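The next block holds one structure in the form of structure tokens; read it before the comments.
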Amino acid sequence: MRNRRAHRWLAGLATALALTGTAAQTASPPAVCAPALALDDVAPTFRFVRKCDITPERLTRFAADAERAAHRARLRSSQRVAFAKAANLMFAAAPPEAFDRLAPLVLALAALGTGKPDLDFAALARSWVDRYGLLMRRVRVLWTDDPLEPQVHAALAGFAFDDAAKSLALELAEPGAPDELTAERSFEASIVEWLRLSPKRALALARIAHAMQPDDLDIAEFYGDLLEEAHLLEQAQPVVEALALRYQALARDKPDRWRGRFARELGKLGVLYTALALPQDAEMAYLHALGNYWGLAREQPERFGPDVADVLEALGALYRDAERPDDAIDAYREALKLERALAQHDATVYTVGLARTLNDLGVLYAMTHRADEARHAYAEALDLQRELVRENPMAHRAALARTLNNLGNLYSDDGRFSDAEQAYDEALTIRRALALESPTYDAPDMVRTLTNLGVLYRRQGRVSQAEKAYREALRTLQPLERGAPGAFNADKARVLNNLGVLLSKTRRRYEAEGAYRRAIVLYAALAKKEPANYRSDYARVLGNLAKLYAEMGRKREAQAVRQTAGKLGGAERIE
């Protein structure tokens, strides 16, 4: 990210976005009335704010079923809001008379969130709507004299996907069909299965369609996407790479038509390479995507500006994880310029992303010891997030708490203990409330803030308060560990190490030894599985134990532990 000419052009793009008269990617209103759930009132149950001509009984039944589905999936508060948004997107794609046929699919969507706190329901619903649109475009093109054809079309138009799947299965069973027709019907059936939320059957049918028609771009793109969604990354790689090359050739001949799809496929390739732990390949894919999106955004900033920002954020995250913080900061700062301009057009859509980028940028500034810039980034993020929380607390409290916790870390590192405590206390109040609503997903965040508070109290000499915070953190983790053994070992190890430091400094050395040894067992297992993430933490707690043994006069044990830590590196880095 050292291309300063590109940076100057991006500033021009931000200006163009700020001055353009149309809102970025503003969706057209639905042609017909669509029922809609409230997004700012999703507890204790869901309710409809737009009912159209659907009877109250049917709406009440759906709301009750949705509440049961969300409860079974243990959706956290922000997920409930996202699920309601996803439901609205899907309902908006269908006429009101299709409500009863679409409702079971919307309810099934909630179940997909089980155990997946980061699942983006709204993005999944947008994919659902887009793929339904692709299917309808394809079936309008294919017309044969098969008597089942009109049945398929009627079923799809009426969102009767079970009927469509049966008719397509009968068509596929007919002997003697040419390969092109079999491939098309397999592709249609694949999309139908995905719309029915049956990804395994969808993948099997897409595999057949792609094998028979490998040059069909829609089939190849859908197949590659399904492979990635199924985490079959090695299988997806050659499909996505071949597709990117195809789009590159098409974009060379007809850039107006194909350059956007080429840029999009390059972005997908960057995501795929990142997941495959190929950072250099991912960087090249993102940079090429960025170059193409820049060219497109010169002409249509309101359409392609968001894509530029998305790729910059992905590139920033890649650089951050590769420990290239300066390059990451460059990427995030450019994304920030665009997101500010986008938020001027549509604050509802873009303010959340703007606040998230400011928080991420603040973390990077803090990592590179640029405290003033970090503080300004966090302050701006907090202003935006507080306004978002006033509008919809359930959707945005977790993000506000995260930024407050990060600000507390910054103040603590700067020795501004009073300011740090205030930030941590506010974050902890929010995280306690969230943990009561969704302990599995939100209690670990509460534990992290308690641990940070414990460190702060120890540094201030408030020993009893520090120990109380650490003990509460450990008690909070106990029921979570019973439900998911091993899932919270990293959090527990961190608390135990910090508790050991506190006990050691207060000369409760045998208790400190017990805390350190428990932390060592956990970190040893974590470092074996993920050495890049936990090797230094393992070395640090070993160093702490070695120091403790030396203070206790147990020189041989201290030396043995130092030798183990020395093999890992970082043994002198003591908490």
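Since every read-out is calculated from the coordinates, none of them should be taken as a lab result. Just so we're clear, the structure is a prediction, and the values are computed from it rather than from any experiment. Note that we place each Cβ from the backbone using ideal geometry, even for glycine, and neighbour counts take in every protein chain shown.
The table that follows gives values for the structure above.
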{"item": "Paramagnetic reach from R370 in the stretch 284-315 [backbone N under 16 Å; point 7 Å along Cα→Cβ]", "result": "313"}
{"item": "Calculated on alpha-carbon atoms, Rg and Dmax of the stretch 36-119 in Å", "result": "11.8, 36"}
{"item": "Reachable lysines, given that their alpha-carbon falls under 25 Å from the alpha-carbon of K254 and they are not under 8 places away in the same chain", "result": "K268"}
{"item": "Among 212-222, 256-266, the order from most to least packed when residues are scored by Cβ within 10 Å on average", "result": "256-266, 212-222"}
{"item": "Alpha carbon centroid spacing (whole Å) that separates the stretch 424-454 from the stretch 500-516", "result": "25 Å"}
{"item": "Förster radius 41 Å - calculated FRET efficiency between C52 and K505, Cβ distance, rounded to 0.05", "result": "0.05"}
{"item": "All Cα pairs of the chain, percent lying beyond 34 Å", "result": "51 percent"}
{"item": "Spatial separation of Cα centroids for the stretch 62-99 and the stretch 232-286, in angstrom", "result": "33 Å"}
{"item": "Pairwise FRET efficiency - R556 versus M284, Cβ, R0 = 45 Å, nearest 0.05", "result": "0.30"}
{"item": "Under 20 Å from the Cα of K555 - lysines, other chains or at least 8 residues apart", "result": "K505, K547, K567"}
{"item": "Sorted peptide list for 395-406, 69-80, 52-63, criterion being average Cβ within 10 angstrom, highest first", "result": "395-406, 69-80, 52-63"}
